[in-house]
Amino acid sequence: MASTIAEQVGVDQVTPGKDEYASTSLPIRMGNAAPIAYGGSAISVAVHAAAKTVPVTHKVYSVVGHFHGPASLDRKFKCIVTRTRDTRTFATRRVSVTQLQRQRDGSERERTCIELIADFHASEAEETLMAFSAPPLQRGGYAPPHRTPSRQTLSDELVRAGRMDTELSGAFAALFSAQERFFDLRFCRAGMSGQNLGVAKRAPTDQDALPITARTSAEWYRVREDQSLTDHGERSAAVAFLMDGGLSFLPLVHDHLGFEDAGAASSLDFALRFFVPDVDLGQWHLRERVAHAAGVGRSYAESRLFDEQGRLVVSMTQQSILRPPPPKKARPAL
């Protein structure tokens with residue numbers, strides 16, 4: 001198990017001279033009770049592998065891709081990078097992330113888990129015509145990180161108030177343990193997650209009267225002090241790892257529903273966009289999430305990342321599968 005975020009998103013070149021890389025750590029599970037890998041594990045190593053093949057002058061600004069199916073937890077990822085464009089200003093890479101997976105007959109087959117296209121741009125800071133960014137959606141703003149509770153503090157408050165039992169508190173801590181292993185994390189009380197942790201369905205929030213599309217959750221994140229990220233590839237991969245979290249489940253938690261209330265809720269595609277040349281997660285950043293749409297078995301949600309000055313630095317949107325639970329079979333009459 002990786003002990004730092006740098007280890008978790010790390011990649012090594014498989015064969016000298018070839019654009020093929022292998023993840024240095026096994027993928028992890030996060031936010032899903034099923035034994036399948038967190039999607040951010042696959043996205044992050046793909047971003048890191050793509051960054052290994054471009055000049056240091058070029059910084060990632062766009063990553064779009066599709067998930068092809070769940071990944072297992074006991075096999076590392078292989079990243080096959082294809083160079084599709086190289087100019088003075090731009091570089092484009094297509095990355096296929098595969099994994100050896102066991103078949104029912106006991107054999108192993110290499111299966112594609114995710115495919116994405118990553119674009120890189122040489123900084124043009126001196127040529128910028130305009131510079132602005134949207135603020136967080138919460139009108140009243142969010143308190144700074146030193147005035148927001150940790151997961152443990154908020155969980156203890158909910159248990160004492162009778163709005164969450166200790167079993168659910170422990171299950172939540174276990175499902176999202178990787179977040180606290182890699183990041184210092186604080187829950188903003190102005191968001192829904194800062195009032196119910198996203199799992200205490202009985203806990204009312206001050207956003208319940210709002211339309212679901214106007215409800216927000218927000219948390220402060222920074223990489224733990226002993227986990228330095230040394231280059232642009234690692235830093236961008238860590239951002240990708242963070243931004244994927246919780247978007248497929250967001251419509252559920254913003255409607256006071258739990259994972260068990262859906263038959264399926266998992267990511268289908270994503271678009272990750274960077275609005276600055278580099279993001280230093282060693283500094284506090286605010287991640288705000290909102291659900292935009294749901295219907296026809298899918299949902300669409302967005303996660304936006306702001307620095308402490310309120311500047312929008314990253315956005316990720318995702319479309320996810322969202323199905324109702326299967327109907328219960330009628331018990332035969334005696």
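(1) of a type in the set (Gly, Ala, Ser); (2) more than 17 Å from the chain's Cα centre (by Cα); (3) surrounded by fewer than 19 Cβ atoms within 10 Å (Cβ to Cβ): which one isn't true of Ala271, the others all being true?
(2)
Please determine, by comparing only the residues of the stretch 184-197 that are in contact (Cβ under 8 Å) with a residue 60 or more places away in the chain and in a loop (DSSP other than H, G, I, E, B), which one is surrounded by the most Cβ atoms within 10 Å (Cβ to Cβ).
Top of the filtered list is Gly191.
Just to verify a result, which residue in the stretch 58-84, among those that are charged (D, E, K, R) and part of a strand (DSSP E or B), is nearest to Gly17 (Cα to Cα)?
So in the stretch 58-84, the residues charged (D, E, K, R) come out as 59, 74-76, 78, 83.
If we keep only those that are part of a strand (DSSP E or B) too, we end up with 59, 78, 83.
Details: Lys59: 22, Lys78: 16, Arg83: 13 Å.
Here the answer is Arg83.
Looking at Ala171, Ala200, can you tell me which residue is hydrophobic (A, V, I, L, M, F, W, C) and in a loop (DSSP other than H, G, I, E, B)?
Just a single option satisfies the conditions, and that option is Ala200.
Might you let me know whether the stretch 199-214 holds any residue that is surrounded by 11 or more Cβ atoms within 10 Å (Cβ to Cβ), under 30 Å from Cys79 (Cβ atoms) and not basic (Lys, Arg)?
Checked the stretch 199-214: no residue is surrounded by 11 or more Cβ atoms within 10 Å (Cβ to Cβ), under 30 Å from Cys79 (Cβ atoms) and not basic (Lys, Arg).
Collect the residues in the stretch 97-121 that are surrounded by 14 or more Cβ atoms within 10 Å (Cβ to Cβ) and modelled with pLDDT under 95, keeping them in residue-number order.
Those that are surrounded by 14 or more Cβ atoms within 10 Å (Cβ to Cβ) and modelled with pLDDT under 95: Leu100, Gln101, Arg111.
For the stretch 236-272, how many residues meet the condition of being of a type outside the set (Asp, Glu), under 30 Å from Pro55 (Cα atoms) and touching a strand residue (DSSP E or B) at 6+ places or on another chain (Cβ under 9 Å)?
Number of matching residues: 11.
Matching residues to (1) within 15 Å of the chain's Cα centre (by Cα); (2) modelled with pLDDT of 95 or more:
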{"site": "Glu288", "(1), (2)": "yes, yes"}
{"site": "Leu305", "(1), (2)": "yes, yes"}
{"site": "Leu312", "(1), (2)": "no, yes"}
{"site": "Pro327", "(1), (2)": "no, no"}
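Might you let me know whether the stretch 260-270 holds any residue that is closer than 28 Å to Asp12 by Cβ, part of a strand (DSSP E or B) and in contact with a helix residue (DSSP H, G or I) (Cβ under 8 Å, 6 or more places away or on another chain)?
yes
Among the candidates Thr216, Thr230, single out the residue that is modelled with pLDDT of 95 or more, of a type in the set (S, T, N, Q) and farther than 16 Å from Arg151 by Cβ.
On inspection, the qualifying residue turns out to be Thr216.
Show the residue pairs meeting these rules: Cβ distance below 9 Å; 6+ apart or different chains; first residue within the stretch 171-183 and loosely packed, with under 15 Cβ neighbours inside 10 Å; second residue part of a helix (DSSP H, G or I) and modelled with pLDDT under 90.
Glu180/Ala173
Is it the case that the stretch 58-72 has a residue that's of a type in the set (A, V, I, L, M, F, W, C), more than 19 Å from Met316 (Cα to Cα), surrounded by 14 or more Cβ atoms within 10 Å (Cβ to Cβ) and modelled with pLDDT of 95 or more?
No: the stretch 58-72 contains no residue that is of a type in the set (A, V, I, L, M, F, W, C), more than 19 Å from Met316 (Cα to Cα), surrounded by 14 or more Cβ atoms within 10 Å (Cβ to Cβ) and modelled with pLDDT of 95 or more.
Suppose we filter Arg94, Arg83 for residues that are of a type outside the set (A, V, I, L, M), in contact with a Ser or Thr (Cβ under 6 Å, 6 or more places away or on another chain), surrounded by fewer than 18 Cβ atoms within 10 Å (Cβ to Cβ) and at pLDDT 95 or above; which single one remains?
Only one candidate passes the filter, namely Arg94.
Restricting the search to the stretch 19-57, which residues are surrounded by 22 or more Cβ atoms within 10 Å (Cβ to Cβ) and over 30 Å from Ala262 (Cβ atoms)?
Tyr21, His48, Ala49, Ala50, Ala51, Val54, listed by residue number.
Only one of (1) in a loop (DSSP other than H, G, I, E, B); (2) under 30 Å from Glu225 (Cβ atoms) fails for Pro55. Which number is that?
Failed condition: (2).
Where residues in the stretch 122-144 are part of a loop (DSSP other than H, G, I, E, B), small (Gly, Ala, Ser) and modelled with pLDDT under 90, which of them is nearest to Ala237 (Cα to Cα)? Break it down stepwise before answering.
Step one: list which residues in the stretch 122-144 are part of a loop (DSSP other than H, G, I, E, B), which gives 123-124, 128-144.
Within this subset, residues satisfying the condition of being small (Gly, Ala, Ser) are 123, 131, 133-134, 140-141, 143.
Restricting the remaining residues to those that are modelled with pLDDT under 90 gives 123, 131, 140-141.
Numbers: Ser123: 19, Ala131: 25, Gly140: 31, Gly141: 28 Å.
Restricting to residues being part of a loop (DSSP other than H, G, I, E, B), small (Gly, Ala, Ser) and modelled with pLDDT under 90, the top hit is Ser123.
Do we find that Pro277 is over 17 Å from the mean Cα position of the chain (by Cα) and under 18 Å from Val60 (Cα atoms) in this structure?
Answer is yes for this residue.
The values are calculated or read from the model by the stated rules, or taken from the named source; none is laboratory data. Everything numeric in this text was worked out from a predicted model, so none of it was measured. Every residue, glycine among them, receives a Cβ derived from its backbone with ideal geometry; neighbour counts consider all protein chains shown.
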